[in-house]
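Following: one structure in structure tokens, then a few remarks.
Each reported figure results from applying straightforward, stated rules to the coordinates on display, with no laboratory input. Everything numeric in this text was worked out from a predicted model, so none of it was measured. Neighbour counts run over all protein chains shown; Cβ positions are idealised from the backbone, glycine included.
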Amino acid sequence: MTSVGIDAVEVWTGKLKLDLPNTFAPQKGDDPEKYTKGLGLEASSFPDTYEDIVTMGANAAKRLMDRKGLTPADIGRIDVATESAFDNSKPVSTYVAGCLEQVYDGDFHHANKGERKFACVAGTQSIDDAYNWIAAGRNRGLAALVIATDTALYARDSSGEATQGAGAVAMLIDEDPNLVELSHEQGYGSADETDFLKPQQQFPSVDGKRSMQVYLARMREAVEDLEAQLDEPLHPEDFVYVPFHTPFPGMVRKAGLLGYRHILRDTDIEDEVAEEIGRQPREESFDDRESYEEAIQSYMDELKRTEQYRSWYDATIEPTLNISRQVGNWYTGSVHIARASALQAAAEAGRALTGERMLVASYGSGAQAEVHAETVCDGWREEIGALTIDEQLQRRYDLSFEEYERVHDAHNHDLDTEVEEFTQPSGEFVHAGWGRMNERKYEYVE
């Protein structure tokens, strides 16, 4: 079978910054460490007044196409994953294509376009769709453009306000990829859950405690499902990195511990750990589920303090969180910036990754997790080295709290608030007003 995977990736972050420990925490009367150590966040990215999911997605896509020397004739499919869509009929991909057609010769009239929705897992589902399209031989030699773009905004004074973020990730899915080769095996964990939803509303309704429980439960099911397809159980040393969906790094700390505990079972590492804290409890040794869960929790409390776990987490999970700490939650793009963050850290450390595998763990509320393996390809270092995310983060406008409140109101669909832009657009697509049917209009600013 022909190798199919992610050939290239580009990122576009919202152009405004909200400093959580120094700007947000004092206004909320909170200890800054509630955000830096508790949530694991330093800052949130925020869209300027002329930015939205279309501009961010189109700007990331243009940057990718320019770098790869692509034209519309090279793209046979455009899929946009978002949970911030503003139209229940017309997909965001059509707006993105319309933007790109302003700056390229040719058009996307023969490209299949769509929009994926399943909360934050939709970006990975869009990659799966593109993979299947190519693997089935229906792509006519063309590549797919997958864009995950969101404005993850919460109502002011809500529990999720500090985790906000805005940005887009554009990925080129193609044969013989330069970045990572995708596996045809996935593990799924899915159930009808009500932990996070947006019933005809812009800002989400969230049950934070329940969402954490559902996230961990679906992740465990997905790992179990993946293991059922493989010849042997997963081992902690199988993967060089494990990028998780990262609504905030604090949640990944819990997911990493749960995942490590699960794949530790019946391994040589469990034997090593047993000398310090004993073997992992097995459910069949207990008379009831409650007693087993209490024993497992006690075991995990001790496991996270062991040298084996701390070393694994620092090497395998921590590098995936570097970008997320600075931008907050990007919903559909979250796991994809975790992948980019890991590869960027490896490049900076001069690591040799070609042929190594990553275990990518995606999640969407409502709820579904997907876990699959990816193999790092020969061209990974050049591709990841082309990212300009560090420069983008440094250029962001640092909002005061009063400015944050004003721009938040400007993006609130229920308010009619006029706010001047904080930054000057240059070489990018911008939201330029409204059309005759109240549709959004976009233009490219040189």
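Observations on the structure shown:
- Sequence of 174, 409 once ranked by neighbouring C-beta atoms within 10 Å, starting from the fewest: 409, 174
- Relative contact order (percent, whole number), the chain, Cα cutoff 8 Å, 6+ residue spacing: 25 percent
- When the charge dipole of the chain is built from unit charges on Cβ atoms (+1 for Lys and Arg, -1 for Asp and Glu) and taken about the Cα centre, the candidate among 163, 112, 256 whose Cα reaches farthest toward its positive end is 112.
- Residue with peak Gaussian network fluctuation, the chain [Cα springs, cutoff 10 Å], from 67, 116, 357: 67
- Against the chain, whose longest principal axis is taken from its Cα atoms, helix 92-101 shows a tilt of about 50°.
- 239, 118, 429 arranged by Cβ crowding within 10 Å, fewest neighbours leading: 239, 118, 429
- Helix 334-348 vs. the chain, principal-axis angle (Cα, 0 to 90°, nearest 10): 80 degrees
- Inter-part distance where region 249-274 and region 54-116 are each reduced to a Cα centre, Å: 40 Å
- Placing R0 at 35 angstrom, the Cβ-Cβ distance between residue 71 and residue 419 gives a FRET efficiency of 0.45 after rounding to 0.05.
- Residue among 11, 423, 340 farthest towards the positive dipole end of region 4-445, charges placed on Cβ: 423
- With the highest mean first, a sort of the peptides 86-92, 288-294, 370-376 on other beta-carbon atoms found within 10 angstrom per residue produces 370-376, 86-92, 288-294.
- At full extension, residue 291 and residue 237 could sit 16.4 nm farther apart than now, given 0.36 nm per residue minus the alpha carbon distance.
- Within the chain: Cβ-based charge dipole about Cα centre, in debye rounded to nearest 20 (Lys, Arg +1; Asp, Glu -1): 960 debye
- With bins 10 Å wide beginning at 0, the percent of Cα pairs of the chain falling in each bin runs 4, 21, 32, 26, 12, 4, 1, 0.
- DSSP beta bridge pairing in the chain, given as percent antiparallel to the nearest 5: 75 percent
- Inter-label distance, residue 212 to residue 138: 4.2 nm, where each label sits 7 Å from its Cα along the C-beta direction.
- Virtual paramagnetic centre 7 Å along Cα→Cβ of residue 86, amide N under 18 Å, in region 186-205: 200-204
- Fully extended contour minus Cα-Cα distance, from residue 283 to residue 228, at 0.36 nm per residue: 17.9 nm
- Leading residue at positive end of dipole, the chain (Cβ point charges), from 177, 274, 240: 177
- In the elastic network of the chain, a GNM with C-alpha springs shorter than 10 Å, the most mobile of 338, 228, 369 is 228.
- Extension gain, residue 36 back to residue 310 (0.36 nm per residue minus Cα-Cα distance, nm): 96.7 nm
- q = 0.16, 0.21, 0.22 Å⁻¹, region 106-204: log10 I(q)/I(0) [Debye, one scatterer per Cα]: -0.87, -1.19, -1.25
- The chain: angle of helix 307-316 to the longest principal axis, Cα-based, in degrees nearest 10: 20 degrees
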